[in-house]
1. At a 1.4 Å probe, what is the % contribution of carbon and sulfur to the accessible area of the stretch 1-131?
2. Please list the non-local residues whose amide H lies under 5 Å from the amide H of Phe74, H modeled 1.01 Å from N, same-chain partners needing a gap of 5 or more.
3. Using only protein heavy atoms and a 1.4 Å probe, report how much of Tyr366 is accessible, in Å² to the nearest 10.
4. Listed highest first by mean packing, meaning other Cβ atoms within 10 Å per residue, what order do 287-294, 244-251 come in?
5. What do you reckon, how do Glu381, Glu214, Glu177 stack up by accessible area (1.4 Å probe), largest on top?
6. So which lysines pass the test for Lys51, namely a Cα distance under 26 Å, with those fewer than 8 places away in the same chain ruled out?
7. Under a 1.4 Å probe, what is the accessible area of the stretch 248-388 per residue, stated in Å²?
8. Please state, rounded to one decimal and in Å, the Kirkwood hydrodynamic radius that the chain gives when every pair of distinct Cα atoms enters the mean of 1/r.
Amino acid sequence: MKLIQKLFQVRFYTINDFSEAEAFSRENMLSDLQLILSPDALMTMRSGAEKHTLYLLTDIFHISIIVFMLDDSFMLFGPFTSLIHTKMHASHIINAHGIKNLQIEDYLRYREHFPNISKERAEHIVRCFLDTVYGHEENYSLRDPETFAMEQVYEDHAKEQKTGIDLLQLRYANEKEFIRSVENGDSSSALRYLDRMQSDVRYMKELGSTIENERIGCAITRTTLRITAMNAGLPAYIIDKISGQNTREVFRERHLEKILASKEKMVVNFCNAIKEHHSEAHSAVVTNAIFFLNSNFKNDITIEDITSELAISKSHFMSEFKKETGTSPMNYLRSIRIKKACTLLSGTGKSIQEISETVGIPDSNYFVKLFRKETGMTPTEYRKSNRL
């Protein structure tokens with residue numbers, strides 16, 4: 001049981017009295033409407049469960065459990081969920097059941113507590129557990145009682161999307177607009193169409209490991225963005241840096257919402273890079289250098305760091321950068337840092353020392369001197385006149 005819990009983040013419970021049922025409910029219930037997770041329901045199931053039978057039950061939030069008798073002990077496997085839910089689905093469920101004082105964000109956070117595995121896989125895990133306990137294959141039958149219907153949750157959406165062809169056409173239309181938005185560097189529009197693309201298909205799928213499926217989804221989006229960015233003329237260095245960052249984040253992340261957030265951040269980063277590339281119209285070398293400076297302004301950067309990263313000679317780089325921007329790379333870096341500091345001064349309550357360190361200038365006195373030279377006022381004066 002400990003091994004299964006470590007592998008799948010789902011556990012077995014033994015529930016033989018009301019106090020154990022109450023403890024389970026306190027740990028796993030969000031609403032009184034989740035009847036199958038209530039103490040009374042669990043004890044009723046315990047008294048009526050037939051031997052050698054697996055009962056698969058699902059509540060109104062599409063949280064599932066499998067219950068069964070193991071000799072004289074009443075066992076519960078779960079909770080788990082086999083469906084990804086978006087804000088749209090949460091809104092449908094909350095409104096359909098008239099649930100008061102439950103925010104969509106709280107509902108989605110609650111569902112994150114449970115592992116995403118298919119019902120088939122959950123059944124397989126339980127059967128393997130039983131075979132191990134008994135030392136041989138036990139003939140348990142599966143009973144899947146009529147559960148809270150999912151059809152009502154998506155009834156309105158289903159009326160609008162009547163056939164698989166309709167859905168496919170809508171998906172392609174949204175994808176086309178998504179690509180167009182990215183090519184134009186319009187991050188807000190791109191995120192809107194990304195959400196539509198995900199909503200169009202997600203409610204239809206009953207998936208095994210949703211974490212793994214979201215990783216695959218990120219890879220598909222990453223490929224689309226790379227091709228789009230390449231067509232938009234974005235240098236390969238920047239494309240690789242942005243997509244590589246997402247690859248690393250998604251690989252190590254274990255929370256669904258954070259994977260989705262990383263995907264959205266990648267879309268924004270690509271849009272911003274394309275927008276800046278179109279507005280500045282610099283060469284690939286200078287565009288790459290500016291991207292490197294914007295991405296690493298918090299660090300102690302030297303000219304050697306830039307030329308080493310871009311694999312270019314120092315003399316050629318300095319000449320090209322000055323010719324296209326009218327200033328040196330270090331002066332450009334200073335301007336980036338001061339602009340970032342202006343944003344922090346007007347939009348946060350951070351101290352001058354904190355802001356100085358955040359933008360890569362550890363010496364606050366030197367920071368004040370540079371800031372005054374760049375803006376004509378001290379950081380404190382700037383904050384007073386530009387406070388949001």
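1. 51
2. Residues meeting the criterion, in which the H sits 1.01 Å from N, are Ile15.
3. Ignoring ligands and nucleic acids, Tyr366 comes out at about 120 Å².
4. 287-294, 244-251
5. Output order, biggest surface exposure first: Glu381, Glu177, Glu214.
6. Excluding near neighbours in sequence, the set is Lys2, Lys119.
7. Heavy-atom accessible area per residue stands at 56 Å².
8. 25.2
The values are calculated or read from the model by the stated rules, or taken from the named source; none is laboratory data. Only a predicted model underlies this, so the values are computations on that prediction, with no experimental measurement involved. Ideal geometry is used to build each Cβ from the backbone, glycine not excepted, and the neighbour counts take in all protein chains shown. For accessibility, only protein heavy atoms count, side chains too; no ligands or nucleic acids. Shrake-Rupley method; radii C 1.70, N 1.55, O 1.52, S 1.80 Å.
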